[in-house]
Structure formats: C-alpha cells, structure tokens
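Please read the structure below before turning to the comments.
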Amino acid sequence: MESAALDPKLRNRLTRFLHLGNEVPKYYPGCWTSHKYFEVDKLQAINEAFENGTDNVEVVNIILQAYKDGWYTRFETIAFALTKCLLLGTPVVKEATYKAAAEICNTPEQMMLFNKFTRLFQTGNGRGWCKNVREWYTKKDPMDLAKEMTRVRSRHGRSHKTLLRKSHVKIAENDHARDAVIKYALFGLKRAKQLLDNTDGTQEIFDYIQKVEDLRHCEDPVAAATMAEDNGFTIDHVPGHLLTSQEVWNAVLSQFSLEDLLSNIQRIHNMGFLTSDSTTTAILISLLSNDDYIKKSKVTPIAVYITLCNYQKKTRPLKHEKAKVALEKQQRRRTRQIFDSKTGLWEWTVTRRHPKEVKHWGIDQPPNQAVVGALHKLIDHTWLLTPPTNVRYLITLDMRHHMFKGRHFCKNFALPRKGKKTATKTTPGGGGDADTEKQESKRHLLAECFYNKHVTPGHAAIILALQLLKREQNAKLAVFTETGVELVTIERNFSSISEAEFILRKANLGRVQLDAPIEWAQKNNQMFDVFINMVDRTTRYMELELNARGGRGPGGRYGPPPAPGKELPDHCPVRALQRYRRTNVGNAKLIVMSLASHRVATTDGSHEGVLDIVGIDEHVPKVIDAFALGQFE
C-alpha cells in the first residue's frame, strides 16, 4: 500500500513522546526513568499510524530527525519508538527502521538498549536484525571498535559475545585488525592470538587489548592508576575490585565529562576521598574551575544547583525501595560506629574495612566546603553555555514565602501543643552516645520540588529565570501581584542568585492567577512568544475569591468557561492565550511550571502551544528551549 501522510495530531503526539516521554503536553522529570514505564501499550500514536497496514515511513523519519536535532531528554524514548516501529510496521517500515537504527545507535550503550527493547517485545532476530548488528561491528574503525568493546562489555542484559553469535558476523578476509577484535570478544585474548598467529595489522589491536586485560587483572591500585593514566582509560575500563581505590579515581577523573563528574561527586564523597587535604579534592576543584573544561559541556545552572543541594544533604533523593536498602546499610554501619555528641558525627570504631563498608566509609562525614564553594562558582560559569533561542519571553514567578518555606496557603504556621510532642527516637545498635542523637523532624519546614526534594521551588524558579534573562536579549521578569503582574528590573550581566532573590522577594507580591501575565501583555500591547509561569502548585487559585475562579476546573485544572448568566470573568490561561494569539502574536506559547505538585492540567490535551512541567530536573532547560523553538509541533 502507498504511504499515507501522517495526521498532524499524531505527529504532535509522537514528537511529544520523543522529547518528553509523554504523549500529552506534560513533562514529568522523574516518573518514567524506570524501564518498567516502557510497556507495549505506550505510545498509541504509532499504533494509530500503522493501522490498516499503512507504510507510514514518515514515523521513522520523525524519530530520526528527533535524534539528529538532539532535543530529546533521554535516549530510551528513541529506542522504544524504533522498537514499536519494528513490532507494528510493515516490511517497508521495518527496513526503514533498521536503516535509521544503524544511524542512531552509535555507542555500545545505545545499541544494547535498542536490542534490549527488541528482545522484550520479541520483534525477532531475522535478516534485518542480523544485518543491523553486523553493520555496527563492521563499519567502525578497528581501533575505535576495540576501545568501545573493551570499555563497554555488556549493558541492559545484552553483551557483545551474545550479539555477535546471534547475528553470525563474518569479517572480510583482509580485515585482520577487525577480525582480531571480534575473535577477542568471542573467545578471549589468548585464543584470539592463537587463531590469528601474528597476522599483519593485528599487533596494535592486541597491544591495546593486552593493556586493558592487564588493568582488569591488576591487584595493585598504584600500578593500576599508572596504567589508566598512561593509556587514557575511563572509569568504564576499571574493574570492580579497583572502583574503591582513591589512586585509580585520581587517574581517571580527568577523563570524565562535566556532566558525569557532577553525577559522581556524591559517590566520591561517600568513599571518603573528599577530605580537606586529599589529592582527589584538589583534582576535583581544579576541574570544576577550569574554563576550557567547562566550555566543552552544555551543563545548565539548575543541573549544578541540584548537584550542590544534593551534596549538601549528603544524598540524592531516593525512591522508597532504595531508601529502605540505605536504611538497612546505615543500621549495619552503626554497629561499628560511635556517635560523638560534640561534633555531631558518627566515628568508626574499627580500622579494618569490611568489603561492604568500603563504598560508604566517608558517607557520614560533612560535605567538603571547598567543593561546595567550587560548585557555587561553577553556577556563574554556566549561565551562557547553552545557545540563545532568540525568542521573546515573559517569565512570571510566585515569590511569596511558601515557595521557600513550604507553607501551603500563606497562613501562619501553627506550632504543635506541648503535650503532643513526639518522643525522640534513637537509632538501634549505635552504642556509646548514640542515645543522644536527635532525629530530624518529619515536618517539612522547607518547600520541596517534585523529583528533587532538596531544591526549594523558589530557588529553582529564580535560577531558571536568571538563565533565560542572562542568555536571551528579549526576556522580561515579573511577579504575581494582587492586581495581576508587575515587572521586575534585574541587571542582566551583574546580578547573582542572592541579589535576584532579594529583589524578587521585596517586590509587590500577591496571589497567583495564571492568566494574569497574558492579560497584562494584551492590555499593554506587549509582544511575547513564550509565557512562563513558575509556581509551587496551581491550586493557589483557591486563595482567590469565588468570583475570581471562573473558567477553572477542580484543583485548578482546565475547565469550561463560566455560564453566560453568572457574569464571572474567565480566568482560564489557555483561553487567555487564544485571545492573545488573535490580537497580538499568532503562535504564542504557554508553559506552566508546577514545581511542588503533580496536580496540574492547564490543558486537556486538545490545545497546541501549551506545556505543563511538573517538578524539576536537569533536563527542564532543554525542554523549555525545545518547546520555545517549536520542536513539539
């Protein structure tokens, strides 16, 4: 059958999923990171596109273009969409999908993740699959292939050995270097040398592989560190028994990208390497302050700030299952520690490290203040790392104290009665002065962002707004007031986070009405392409009088307009955006960020140019930029 043009609505749903992990215009940062999220019934847009056996190759082209543009937040969405094309598409679509997969899956991690989904959905290991896998191993330079295959041996339940055997890879007779790599993966180094017997072109490959094997079997951390530094090995080359060696970490730190370095700071601290006078601390701080090193990355200020907050709390937010395991590990540690009431720290009573304790030997130590200071300075170096979008923004923030202190409706915080104070719980098995340790109160004295509870909504909003203000030429800041919104003037090039917070919190603050920025822009004939509202929860509309809640459904969700007879104003932000489009900017967009609540539904999904963001993570700036540039359309 002939290929039919893809319906625009299906196209929008597909592109939303590729960028957001969701077909509806909502971005949930942390809820779909587990592979359990990707089930066969997800992404119904592809099911509808391939109904009646149509050859909709355009679906594959959209996936390929989304990968090339680079606006997707996680590679899982790309791999999942490709696999669904294999599962539901016609032979023509499957052929196009495998061609796209050959272009998309460049690294071993990407290729093995794609093969994980093909195995889960049982798409088969036919000629198309075999050809795709063979091309991955035969099109790379032999030395690059050796480096990649020794760096990543297996991922996601797939290994090179399994894939090579299932795909029946055959190497050309004269391609001896590539043959050496393949035989090493299948049979090991010793057998590969015996089979090839010093064939021309294999010596360099075998020398490199021998160095990797020497590192894998090395027991001396100092010698392993020297090998890693001399050969430029990454942390992926390091075997498990050396991953707790400080010398090895010192050798491989320079090979990390800035993004990977930030994600590993807590891990390094937990092993006790970030003491005040350690070499690791000096190397880490030098990397965090190296301008050339920073400019190679596209790290955003909010990513650095999230790392900083997590490090100051000595852990990143854990899901329930991991939190239970962490508590069990803590209880085991306490049996070998004693609590010092003067310093407020747990001190080890033993010097011999148990293998299960090595990775957590320094977890109870306070954060290194030199590293904290370096992270604070790093934020100021990352404002301009991402390119400007050259779009006109109006960013409106709720800056009342509940954005920082967690009070729900700006009411006075009621203290508990004296008779209802809970007794201080002790940690079992601590010994010594353990009974005097004070447990943290369960009451949330600070506001928490969804998916990153160590970040307050107020500070997250300020950092996101400042990044746009410093990077864009046409961006304005405003705060919600009792009568609507009020513009706030902040120096673009000289204001810091603390100065911006002082100015914003001293403004004429008031209750939130999400349509107020759009109404103000229309009334004053101001031209904006993107409106961004940053609040902790959209149910703030309940603070308003009943006659000011028109056009909003339960919990602040999208609702029908008020009945004509009631004479209530329509405060729906979506309909306000539609009116603004008719009179001012035809393709204006709206982003509503609900930083501390998942109860948000600005639109019912039938409106274009509206996006809800729930919580915060390091990918939110990329999502905002992609949406502002029309990548979801």
May I ask which of Lys9/Lys84; Lys68/Lys377; Lys140/Lys166 have a Cα-Cα span longer than 22 Å here? Lys68/Lys377
Which residue, Leu64, Ile283, Val530, has the largest displacement toward the positive end of the dipole of the chain when charges sit on each Cβ (Lys, Arg +1; Asp, Glu -1)? Val530
Extending each Cα 7 Å along its Cβ direction at Asp260 and Met527, get the distance between those two points in nm, one decimal. 4.6 nm
Percentage, to the nearest whole number, of Cα pairs in region 585-633 over 17 Å apart: 36 percent
Mind ordering 255-265, 95-105 by average Cβ neighbours within 10 Å, highest first? 95-105, 255-265
Could you give the size of the charge dipole of region 493-602 about its Cα centre, using +1 on the Cβ of each K and R and -1 on the Cβ of each D and E, expressed in debye and rounded to the nearest 20? 300 debye
Cleavage-rule hits (chymotrypsin sites (Phe, Trp or Tyr not before Pro)) in region 456-544: DSSP loop, at most 11 neighbouring Cβ within 10 angstrom: Phe494
Residues with beta-carbon under 15 Å from that of Arg353, excluding Arg353: net charge, scoring Lys, Arg +1 and Asp, Glu -1? +4
Beyond a 20 Å Cα-Cα separation, which of these cross-linked pairs lie in this structure: Lys94/Lys116; Lys324/Lys356; Lys131/Lys193; Lys116/Lys161; Lys314/Lys453? Lys131/Lys193
Is region 442-523 best put as rounded, prolate or oblate by its Cα gyration tensor, with a ≥ b ≥ c the root eigenvalues, rounded for a/c under 1.5, and otherwise prolate when a/b is larger than b/c, oblate when not? oblate
Enumerate by residue number the GluC sites (Glu not before Pro) in region 203-236 meeting two conditions: DSSP loop (anything except H, G, I, E, B), and at most 16 other Cβ atoms within 10 Å of the site's Cβ. Glu219
For region 106-183, take N as its residue count and report Rg(C-alpha) divided by 2.2 N^0.38 Å. 1.05
With Rh as the Kirkwood radius over Cα pairs, region 54-210 has Rg/Rh of 1.01
Anchor Lys42: aspartates and glutamates whose Cα lies under 17 Å away (excluding residues fewer than 8 positions away in-chain): Glu23, Glu51, Glu76
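Which shape class, rounded, prolate or oblate, goes with region 167-309 when its Cα gyration tensor gives a ≥ b ≥ c as root eigenvalues, a/c under 1.5 marks rounded, and past that a/b bigger than b/c marks prolate?
In terms of gyration-tensor shape, prolate.
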Per residue, how large is the accessible surface of the chain? Use a 1.4 angstrom probe and give square angstrom. 49 Å²
Apply the Kirkwood formula to region 236-308: the hydrodynamic radius equals the inverse of the mean of 1/r over all pairs of different alpha-carbon atoms; give it in Å with one decimal. 12.9 Å
Using only DSSP helix segments of four residues or longer, with each worth -39500 (n - 2.57), what per-residue ellipticity at 222 nm results for the chain after dividing by its residue count and rounding to 500? -13000 deg cm²/dmol
The simple spin-label model distance between Glu173 and Ser496, using points 7 Å out along Cα→Cβ, in nm, is 7.2 nm
Tell me which lysines have Cα within less than 24 Å of Lys506's Cα, excluding those fewer than 8 residues away on the same chain? Lys405, Lys411, Lys470, Lys476
Per residue, how much space in cubic angstrom lies within the convex hull of the C-alpha atoms of region 475-633? 131 Å³
Report the GluC sites (Glu not before Pro) located in region 445-533 that are in a DSSP loop and have at most 13 other Cβ atoms inside 10 Å of their Cβ, or state none. Glu482, Glu491
Pairs of Cα atoms under 8 Å, at least six residues apart: use those to get the relative contact order of the chain, whole percent. 12 percent
Out of every Cα pair in the chain, what percent are spaced more than 44 Å from each other? 32 percent
Between Asn231 and Glu567, Cβ-based FRET efficiency (R0 51 Å, step 0.05) works out to 0.10
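The values are calculated or read from the model by the stated rules, or taken from the named source; none is laboratory data. Because the structure is predicted, anything quoted here is derived from the model rather than measured. FYI the Cβ positions are ideal-geometry reconstructions off the backbone, even for glycines, and counts take in every protein chain you see. Each accessible area value is taken on the protein alone, full model and side chains, heavy atoms only, with ligands, DNA and RNA left out. Shrake-Rupley method; radii C 1.70, N 1.55, O 1.52, S 1.80 Å.
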